[in-house]
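The values are calculated or read from the model by the stated rules, or taken from the named source; none is laboratory data. A quick note: this is a predicted structure, and the numbers were derived from the prediction, not measured. Don't worry about glycine lacking a Cβ; one is built from the backbone with ideal geometry, like all the others, and counts go over all protein chains shown. Heads up: the accessible areas ignore ligands, DNA and RNA and are worked out on the full protein's heavy atoms, side chains in. Shrake-Rupley method; radii C 1.70, N 1.55, O 1.52, S 1.80 Å.
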Amino acid sequence: MESASEIISSESIARRFEALRAESRRALVCYVTAGHPSPSATVELLQGLEGAGADVIELGVPFSDPVADGPVIQASSAAALANGVTLDSSLELLGRAGVSVPVVLFTYLNPLLAAGPDALGRAAAAGIAGILVTDLPLGADPAREAWLARSGLDFIRLVAPTTPDDRLAGICEHGSGFVYLISRMGVTGTRDGAPADVGPMVRKLRSVTDLPVCVGFGISTPAQARAVSKMADGVVVGSAIVQAAGDSVEAAVNLVRSMREAMDG
Amino acid sequence: MAGKKDATAVANSQQPIANSSPDRFGEFGGRYVPETLIPALDQLTAAYAEAMEDPSFTSELDEMLRDYVGRPSPLTFAPRLSEHVGARVFLKREDLNHTGAHKINNAVGQALLARRMGKRRIIAETGAGQHGVATATVCARFGLECVVYMGEEDMRRQELNVFRMRLLGATVVPVSSGTRTLKDATSEAIRDWVGSVNDSHYIIGSVVGPAPYPRIVRDLQSVIGREARAQMLERTGGLPKVVVACVGGGSNAMGIFHAFVDDVGVELVGVEAAGRGLDSMEHSASLARGSPGVLHGSLSYLLQDEHGQVRPAHSVSAGLDYPGVGPEHAYLMEIHRATYVSISDSEALRAFALLSRLEGIIPALESAHAVAWIAENRGRWSDSDSLLVCISGRGDKDVAQVSDMDLLS
């Protein structure tokens with residue numbers, strides 16, 4: 001962590017994973033919805049998550065119709081929209097937070113399209129390191145995928161439990177930064193019990209790419225984070241942090257700190 | 001493998017990305033969905049192509065449409081409405097189908113497809129309840145589990161249809177998020193499907209959603225136009241001057257338009273809901289007042305703000321109360337093959353009463369928008385012009401809602 005905290009401007013995702021690999025540690029990727037529960041809380045939350053040991057932060061742009069999200073992130077998105085938050089004001093919040101960990105802009109396609117052809121340039125200027133578009137799977141729109149790939153931002157691609165083997169290589173080849181492996185069927189949200197066995201899918205991914213593999217969906221407790229971190233390069237936590245942030249920034253930061261300790265311990 | 005050394009560079013791969021969704025209408029359509037759904041859409045595309053080549057499938061579909069749905073639906077000449085409008089008005093009577101609307105044409109076909117794919121659980125969204133009822137009906141007929149998502153606001157407006165679905169054995173799930181209408185019911189149905197795609201088929205109710213749905217639903221609804229075209233030729237010896245249908249998502253309109261698209265002399269008119277007026281922000285006129293955007297898996301016209309947030313739609317008719325529209329309509333508008341107009345709540349309510357009193361036919365509030373457009377344009381045609389209007393459904397479901405509005409006073 002010492003080496004990472006000395007970097008002032010935002011760090012590339014690749015360098016962060018290299019540093020982690022050198023220390024034999026796994027990445028903790030934390031999602032927050034920009035503007036939830038309030039814009040000022042988001043600024044504090046970004047800073048707090050960095051301090052608690054987040055390696056990568058996903059900054060969610062609120063959308064009116066988040067079909068890939070469960071009730072917790074849906075509600076956070078609605079609250080952020082009620083607070084008037086947009087893609088550009090999400091970038092402003094990031095600027096105010098001044099964090100140095102790499103930040104991935106996590107968005108649905110429509111707000112990104114509405115933000116115009118220079119939206120990716122504005123994101124890069126604001127310090128965004130990567131972009132993830134929930135509803136733009138490989139091959140859905142080659143022209144817009146090329147726009148993202150040429151932007152200079154890392155283009156984070158998703159792999160689902162249903163993804164057939166013959167798509168894996170293409171998804172990795174046309175992605176960068178890391179691969180986001182969805183651990184189970186369904187929308188985002190917390191789940192009780194043991195996480196899905198992602199070992200076989202991680203092994204398949206490793207056979208086609210050197211990109212780090214981060215596993216998300218349904219990981220909400222330190223024990224789950226620890227279990228999953230043993231199977232992959234990183235763990236993504238979303239709804240649990242958003243839920244805690246709804247109570248207080250401190251609750252969310254404490255959750256992330258306890259996950260960090262469980263993963264490193 | 002590209003990027004073995006430098007992970008940040010691999011997105012700049014020179015390999016072109018293969019376009020896995022050629023299923024577009026011009027630039028519109030596509031498959032903008034979470035990765036989880038891609039294999040199911042591939043499976044559906046393949047299963048549908050195979051089924052259409054399989055005589056046992058098409059003959060069973062034809063038999064169901066004839067013996068269960070009651071097709072062909074009649075073409076009714078409307079003498080008193082004709083006199084009122086000043087043209088020969090013919091009504092395509094989808095209201096006389098089993099379950100009272102055109103929605104069953106699609107539900108029957110997709111239920112047969114689901115069975116073919118070995119999926120025993122069916123998901124559907126519904127606005128007015130007509131698609132939900134049609135889906136619940138075919139699920140009862142084929143012994144399939146049925147879950148229907150419906151906005152709480154629509155459940156209130158269409159209480160009778162909620163009871164019908166439950167009577168038919170379906171589970172109706174209230175949707176309390178967002179606008180509590182069709183848009184959010186559709187989002188919730190997609191969320192269910194993302195989690196259940198291995199054993200469930202989503203019977204989407206309109207020509208919307210990711211490819212291949214807009215094409216499949218259009219094909220299954222195109223029986224409306226095929227029949228109507230033959231009936232017009234037989235009855236009048238010619239084609240109609242104008243074909244008119246209401247457009248929410250646009251399935252009855254695509255269904256009746258499709259057979260006429262190559263008849264360049266036939267004017268195709270889609271009627272959107274102007275709600276409380278196009279300038280009121282309370283309407284559902286996606287084509288007239290929207291702009292291209294991505295909602296529910298496809299690129300089409302959409303009511304949205306400058307930040308790409310979807311705006312709530314409004315219509316007195318729950319079935320038109322949707323901020324998007326099928327991508328093929330966007331295409332037909334852009335190539336100027338079809339014209340899209342709009343009709344307000346109050347105009348639609350007047351037409352609801354007009355058709356009831358002139359012809360003894362109570363139309364669905366959705367279909368009343370199509371009737372209203374010819375009524376509002378009376379005098380525009382000559383007596384020898386024939387107009388074909390799609391009566392997409394019957395109005396029984398709307399009687400309680402309209403009676404509360406004191407329309408008759």
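Observations on the structure shown:
- Cα gyration tensor, chain A - rounded (a/c under 1.5), prolate or oblate: rounded
- Put a plus charge on the Cβ of each Lys and Arg, a minus charge on the Cβ of each Asp and Glu, and nothing anywhere else: the dipole of the protein assembly as shown about its Cα centre is then about 920 debye.
- Percent of Cα-Cα distances greater than 20 Å, calculated over segment A:90-232: 51
- Among the protein heavy atoms of the protein assembly as shown, carbon and sulfur supply 51% of the accessible surface, probe 1.4 Å, non-protein parts ignored.
- Interface size, chains B and A: roughly 4000 Å² of accessible area buried, both sides included, 1.4 Å probe, rounded to the nearest 100.
- Theoretical gain in end-to-end length, B:D396 to B:R380 [0.36 nm per residue, Cα-Cα removed]: 2.7 nm
- Each principal axis of the Cα atoms in segment B:215-316 has its own extent, and those three values, largest first, are 50, 28, 23 angstrom.
- Rg followed by Dmax, in Å, when segment B:138-283 is reduced to its Cα trace: 18.1, 52
- Its Kirkwood hydrodynamic radius, worked out from the mean inverse distance over all distinct Cα pairs, puts segment B:141-213 at 13.0 Å.
- With contacts taken as Cα pairs under 8 Å at a separation of at least 6 residues, chain B carries a relative contact order of 20 percent.
- Using the Cβ-Cβ distance between A:D166 and B:R66 with R0 set to 51 Å, the FRET efficiency from 1/(1 + (r/R0)^6) comes to roughly 0.80.
- Taking the three principal axes of the alpha carbon atoms in chain B, the coordinate ranges are 77, 45, 44 Å, sorted in descending order.
- Dipole in debye (nearest 20) - chain B, about Cα centre, beta carbon charges: Lys, Arg +1; Asp, Glu -1: 400
- Over the protein assembly as shown, the reciprocal of the mean inverse Cα-Cα separation, the Kirkwood hydrodynamic radius, stands at 25.9 Å.
- Violating pairs (Cα-Cα greater than 20 angstrom) within the set A:K204/A:K230; A:K204/B:K119; B:K103/B:K183: A:K204/B:K119
- Threshold 40 Å², segment A:91-118 residues less accessible with all protein chains present than alone (1.4 Å probe): A:N110, A:A114
- Alpha-carbon centroid distance for the pair segment A:80-140 / segment B:187-224, whole angstrom: 30
- By the helix-only formula, in which each DSSP H run with n ≥ 4 contributes -39500 (n - 2.57) and the sum is divided by residues, chain B has a 222 nm mean residue ellipticity of -12000 deg cm²/dmol.
- Convex hull (Cα only) mean projected area of segment B:29-78, reported in nm² to one decimal: 6.3
- Diffusion coefficient, µm² s⁻¹, Stokes-Einstein with Kirkwood Rh over alpha-carbon pairs of segment A:1-147 at 25 °C and 0.890 mPa s: 156
- For B:H329, the solvent-accessible surface with a 1.4 Å probe is about 0 Å², rounded to the nearest 10.
- When Rg and the Kirkwood Rh are both derived from Cα coordinates, the Rg/Rh ratio for segment B:305-409 amounts to 1.01.
- Take the convex hull of the alpha carbons in segment A:136-213; its mean projected area over all directions comes to 5.7 nm².
- Inter-site label distance for B:L160 and A:A22 at 7 Å from Cα along Cβ, in nm: 7.4
- Computed over segment B:45-112, the percent of Cα pairs more than 16 Å apart is 57.
- In this structure chain B gives 35 Å² per residue of accessible area when probed at 1.4 Å with all protein chains present.
- Within the listed set B:G360, B:G270, B:G209, the residue fluctuating most in the Gaussian network model of chain B (springs between alpha-carbon atoms under 10 angstrom) is B:G360.
- Projecting the Cα atoms of B:I335, B:Q401, B:S346 onto the charge dipole of segment B:292-409, computed from C-beta unit charges around the Cα centre, puts B:I335 farthest toward the positive end.
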